[in-house]
Amino acid sequence: MPKLKIINSKKFLQDQLKSKNFKKEYDLLEKEFEIAKEVIQLRKEANLTQKELADLAGTSQPAIARLESG
């Protein structure tokens with residue numbers, strides 16, 4: 001089996017962002033990731049689990065998990 005190569009994720013992202021197509025798609029997703037981070041932060045500040053937030057929002061825990069994962 002071939003040996004796996006370890007890469008630096010920040011450098012990998014920097015390299016990928018040099019591609020115009022990649023950067024365009026990455027930029028389109030930026031707002032979605034900002035919202036996900038804010039939901040996580042607010043949920044934790046409120047001391048809520050994903051299940052508790054889901055119950056309050058009238059949805060399921062897996063839906064909250066998907067939202068938070070961006």
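Things to note:
- Looking across segment 34-44, the residues that are within 14 Å of the chain's Cα centre (by Cα), open to solvent by 70 Å² or more (accessible area, probe 1.4 Å) and not polar (S, T, N, Q) come down to GLU34, ILE35, LYS37, GLU38.
- In segment 4-20, residue nearest to GLU30 (Cα to Cα) [restricted to those that are of a type in the set (S, T, N, Q) and not in a helix (DSSP H, G or I)]: SER19
- Answer residue from segment 45-70, given it is under 20 Å from GLU30 (Cα atoms), in a helix (DSSP H, G or I) and open to solvent by 60 Å² or more (accessible area, probe 1.4 Å) and is modelled with the lowest pLDDT among those: LEU67
The values are calculated or read from the model by the stated rules, or taken from the named source; none is laboratory data. Quick caveat: nothing in here was measured; it's all calculated off a predicted structure. Heavy atoms of the whole protein, side chains included, go into the accessibility calculation; ligands, DNA and RNA do not. Shrake-Rupley method; radii C 1.70, N 1.55, O 1.52, S 1.80 Å.
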